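Colleague: The structure's right below; bear with me while I get my questions together.
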Amino acid sequence: MGHIILVDSSVFVASLLEDDPSHTSVQRFFALLDAQDDMGYSVVEPATVVLEVANTLTRLGHSQEAGDITAHFSSVEIMPIDRAFINSVLPLLKNINLKTADALIAAAAHLLEAALITLDKKLLREAKKITPAYTPEEYMKKRR
Amino acid sequence: MTKLISVKELRTRFPAIRREIEQGTRFILLHRSRPVGELGPIKITQGGEDIFSFFARPPARFRFRSKKSAVELIREERTRS
């Protein structure tokens, strides 16, 4: 198995927002992964990430495009939030000071031994307590 | 490769079974000689080419503007009730 990564919603949305401070670096991050196809990257996402990306675009007034974008997650393994997941996540919550939506992303990365990629500084800091976590820039430096 | 394994064997040989699963072996779990479930590696789609290329170079109709950053928008998404 190659490298498993869990990309946070903030990273996907930044690649679509032309004004975002991380827009260019995030696109370079995805371009690097695209170019390093032989490295065997696999993307896994909790179901909430796909919905967050779609709902964020919907709130910006782009509901049609939001629906179309979810089709591009077809090559991604979607991790269901089911009973087994809940039981696995519960023991991890005491180790991280995060609200539920953030905690389940960090916990999902930990359970899958995936590298978490996020632009959110608080999520990054707390997630590092239980799993490898990087900004897109940091991950690019690691992989070059 | 798929192998049969009893619950007792799973309990006593778990470290070795786990290693086999990580290497791709699937197991059919037997309880009182009847199959009760399957054990195997997580099915992760190899390669995210489609998603990588899409988000590296989103087509024009998927390029948006916002006064808020992506982090701010997602933070709102995760905290609003």
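Colleague: Quick check on chain B: take the gyration tensor over C-alpha atoms, sort the square-rooted eigenvalues as a ≥ b ≥ c, and tell me if it's rounded (a/c under 1.5), prolate or oblate. Spell out each step's value before the answer.
Modeller: Details: a/c = 4.24, a/b = 2.55, b/c = 1.66.
Because a/c hits 1.5 or more and a/b exceeds b/c, chain B counts as prolate.
Colleague: What does the structure give for A:33-41 when I average, per residue, the other chain Cβ atoms found within 10 Å of the residue Cβ?
Modeller: On the way: counts 8, 11, 3, 1, 6, 1, 1, 2, 6.
For this peptide, the per-residue mean of nearby foreign Cβ atoms is 4.
Colleague: Taking amide H positions as placed 1.01 Å from N in the peptide plane, with prolines and chain starts having none, which residues 5 or more places from A:Ile4, or on another chain, fall under 5 Å of its amide H?
Modeller: For A:Ile4, whose amide H was placed from the backbone, the distant partners under 5 Å are A:Ser42, A:Ala115.
Colleague: Could you give me the ³J(HN,Hα) list for the range A:116-133, computed from phi with Karplus coefficients 6.51, -1.76, 1.60 and θ = phi - 60°, whole Hz, x at Gly and Pro?
Modeller: Couplings: 8, 10, 8, 9, 7, 5, 5, 4, 4, 4, 6, 4, 4, 5, 10, 7, x, 9 Hz.
Colleague: In whole angstrom, how far apart do the alpha carbon centroids of the range A:82-134 and the range B:3-40 sit?
Modeller: 28
Colleague: Oh, and also: Could you give me D for the protein assembly as shown, from Stokes-Einstein at 10 °C and 1.306 mPa s, where the hydrodynamic radius is the Kirkwood radius over C-alpha pairs? Units µm² s⁻¹, please.
Modeller: Values: Rh = 18.7 Å.
Rounded, D is 85 µm²/s.
Colleague: Here's another thing I want to ask about it. So for B:Ile51, A:Ile86, A:Ile105, fewest C-beta neighbours within 10 Å to most, what's the order? All intermediate terms of the calculation are to be shown ahead of the outcome.
Modeller: Numbers: B:Ile51 24, A:Ile86 11, A:Ile105 28.
With the sparsest Cβ surroundings first, the list reads A:Ile86, B:Ile51, A:Ile105.
Colleague: Tell me, what ³J(HN,Hα) does each residue in the range A:134-144 have, in order and in whole Hz, if you take phi through Karplus 6.51 cos²θ - 1.76 cosθ + 1.60 with θ = phi - 60° and put x for Gly and Pro?
Modeller: Coupling constants for the range A:134-144: 9, 7, x, 4, 4, 5, 5, 4, 5, 9, 5 Hz.
Colleague: Radius of gyration and Dmax for the range A:1-90's Cα atoms, expressed in Å?
Modeller: Rg then Dmax for the range A:1-90, in Å: 14.3, 40.
Colleague: While we're looking at this one, here's another question. What is the local net charge at A:Thr56, summed over the other residues whose Cβ is closer than 9 Å to its Cβ (Lys, Arg +1; Asp, Glu -1)? Intermediate values should be presented prior to the final figure.
Modeller: Working: positive: A:Arg59; negative: A:Glu52, B:Glu76, B:Glu77.
With Lys, Arg at +1 and Asp, Glu at -1, the neighbours total -2.
Colleague: Right, something else. Among A:Met39, A:Met140, B:Met1, what is the fewest-to-most ranking by other Cβ atoms within 10 Å?
Modeller: Details: A:Met39 12, A:Met140 17, B:Met1 8.
With the sparsest Cβ surroundings first, the list reads B:Met1, A:Met39, A:Met140.
Colleague: Something else now. Which whole number gives the average count of other chain Cβ atoms within 10 Å of the Cβ atoms across peptide A:6-18?
Modeller: 6
Colleague: Is the range A:24-144 rounded, prolate or oblate when judged by the Cα gyration tensor, a ≥ b ≥ c being the square roots of its eigenvalues, rounded requiring a/c under 1.5 and prolate requiring a/b larger than b/c? Present the calculation step by step, with values, prior to reporting the outcome.
Modeller: Numbers: a/c = 1.55, a/b = 1.13, b/c = 1.38.
It is oblate, given that a/c is not under 1.5 and a/b is not larger than b/c.
Colleague: So, one more: For chain A, what does the helix formula give at 222 nm: sum of -39500 (n - 2.57) over DSSP H segments with n ≥ 4, over the residue count, nearest 500 deg cm²/dmol? If you can, show how the numbers build up before the last one.
Modeller: Numbers: 8 runs with 76 residues, N = 144.
Taking each H run of at least 4 residues, the total per residue is -15000 deg cm²/dmol.
Colleague: Provide the gained length on full extension for the span A:Arg143 to A:Asn97, in nm with one decimal, where the gain is 0.36 nm per separating residue minus the Cα-Cα distance.
Modeller: Values: separation 46, 0.36 × 46 = 16.56 nm, distance 2.87 nm.
Extra length available between A:Arg143 and A:Asn97 comes to 13.7 nm.
Colleague: Now, a different point. Which residues' amide hydrogens lie under 5 Å from the amide hydrogen of A:Met79, considering only partners 5 or more residues apart or on another chain, with H built in the peptide plane?
Modeller: Sorted by chain and number, the residues that satisfy this are A:Glu45, A:Ala47.
Colleague: For A:Leu90 and A:Lys128 in one chain, what is 0.36 nm times their gap in residues minus the Cα-Cα distance, to one decimal in nm? The partial results should precede the final answer.
Modeller: Numbers: separation 38, 0.36 × 38 = 13.68 nm, distance 1.74 nm.
Contour length minus Cα-Cα distance gives 11.9 nm.
Colleague: A:Leu119: net charge of surrounding residues, Cβ under 9 Å, Lys/Arg +1, Asp/Glu -1, itself excluded? Write down the numbers at each step before the final one.
Modeller: Numbers: positive: A:Lys121; negative: A:Asp8, A:Asp20, A:Asp120.
Local net charge: -2.
Every number here is computed from the coordinates shown, using simple stated rules; none is lab data. Small disclaimer: the values here were computed from a predicted structure and weren't measured. All Cβ positions, glycine included, derive from the backbone under ideal geometry; neighbour counts span all protein chains shown.
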